[in-house]
Amino acid sequence: RDLVRSRGLGDVYKRQAEPAATEAPAPAAGGSRTFAIVPGESKASYEVDEEFLAGAADMLGIQPGRGKTVGSTDQVSGQLTLDFSGAPQITSGEFQVDISTLKSDQNRRDNRIRTEWLQSATFPVASFKATGLQNAPASYTEGEEVTFQLAGDLTVREITQPVVFDVKATLQGDTITGTATTAFLMSQFGVDPPAMGNLFTVGDNTVVTLTLVAKEQ
């Protein structure tokens, strides 16, 4: 009986000494996969420098000074196909934004953007067609946040210019979430920076940010 007990205790000690099993690493994303932008959960926004001048207080009820003007819309659509077989690559990708629905903190500004400055009532869709990834990681493991650049062609008011977005993105299950930011001059797309007498001026530099949620098809 002592021998049996001794062997039994030895087995217990042996089991306690064995290292705990480690969890398997998350699987790689793997293969070619297509994702569609989820409208309503995604957003496009612009940011520009704006300065209100002396006349703004009387005419607009806005105190003079410099600041940032931001407008946004959730009317974003499109899809992209990514290949995760090795280093992630984009096979195809195109996004559209209904810029006629952009809203800021002032309705008067938004109306002038639609009818005069950007003429988005006449040219309501801005589109981006991806041409490739830059500085993507050599491989991808699901659940990791990665940073890279997404190059492509941006079309606004029927004028197309090359742009590069700085991207942060994560793939978890069937969903990609991330942000993509780029900057350009609005004058590149035939838009004169808005200005009005002694009321306000707007800078030419424009920062555009896409906050995207995309589901696998």
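Points worth noting:
- Criterion violated by Glu94 - all others in (1) acidic (Asp, Glu); (2) in a strand (DSSP E or B); (3) out of contact with any Ser or Thr (no Cβ under 9 Å at 6 or more places or on another chain) satisfied: (3)
- Whichever residue in the range 131-168 is in a strand (DSSP E or B), surrounded by 13 or more Cβ atoms within 10 Å (Cβ to Cβ) and among the acidic types (Asp, Glu) and, among such residues, is farthest from the chain's Cα centre (by Cα): Asp153
- Within the range 52-65, residues that are of a type in the set (Gly, Ala, Ser) sit with their Cβ atoms under 8 Å from residues that are open to solvent by less than 50 Å² (accessible area, probe 1.4 Å) and assigned to a loop (DSSP other than H, G, I, E, B), at 6+ positions apart or across chains, in these pairs: Gly55/Leu199; Ala56/Ile62; Ala56/Leu199.
- Restricting Gly143, Gly173 to those that are in contact with a strand residue (DSSP E or B) (Cβ under 7 Å, 6 or more places away or on another chain) and on the phi > 0 side of the Ramachandran plot reduces the list to Gly143.
- Strands (runs of 3 or more DSSP E) (entirely within the range 169-217) containing at least 2 residues that are closer than 16 Å to Glu47 by Cβ and open to solvent by 40 Å² or more (accessible area, probe 1.4 Å): 175-185, 205-216
- Search result, residues across the range 160-187 that are among the polar types (S, T, N, Q), out of contact with any Leu (no Cβ under 9 Å at 6 or more places or on another chain) and more than 18 Å from Gln89 (Cβ to Cβ): Gln172, Thr175, Ser187
- Total residues in the range 38-73, condition open to solvent by 50 Å² or more (accessible area, probe 1.4 Å) and of a type in the set (Ser, Thr, Tyr): 0
- Meets criteria (touching a helix residue (DSSP H, G or I) at 6+ places or on another chain (Cβ under 8 Å) and either surrounded by fewer than 14 Cβ atoms within 10 Å (Cβ to Cβ) or farther than 20 Å from Val156 by Cα (or both)) for Pro88: no
- The requirement of being at pLDDT below 95 and under 22 Å from Val208 (Cβ atoms) is satisfied by Leu82.
- Residue-level analysis places Phe123 outside the set of residues that are part of a strand (DSSP E or B) and aromatic (Phe, Trp, Tyr).
- Positions within the range 105-129 being touching a residue at least 40 places away in the same chain (Cβ under 8 Å), of a type in the set (A, V, I, L, M, F, W, C) and either more than 22 Å from Glu47 (Cβ to Cβ) or open to solvent by 40 Å² or more (accessible area, probe 1.4 Å) (or both), in sequence order: Trp117
The values are calculated or read from the model by the stated rules, or taken from the named source; none is laboratory data. From a predicted model like this one, the values you see are computed outputs, not experimental measurements. All Cβ positions, glycine included, derive from the backbone under ideal geometry; neighbour counts span all protein chains shown. Protein only, heavy atoms only, side chains kept; ligands, DNA and RNA dropped before computing areas. Shrake-Rupley method; radii C 1.70, N 1.55, O 1.52, S 1.80 Å.
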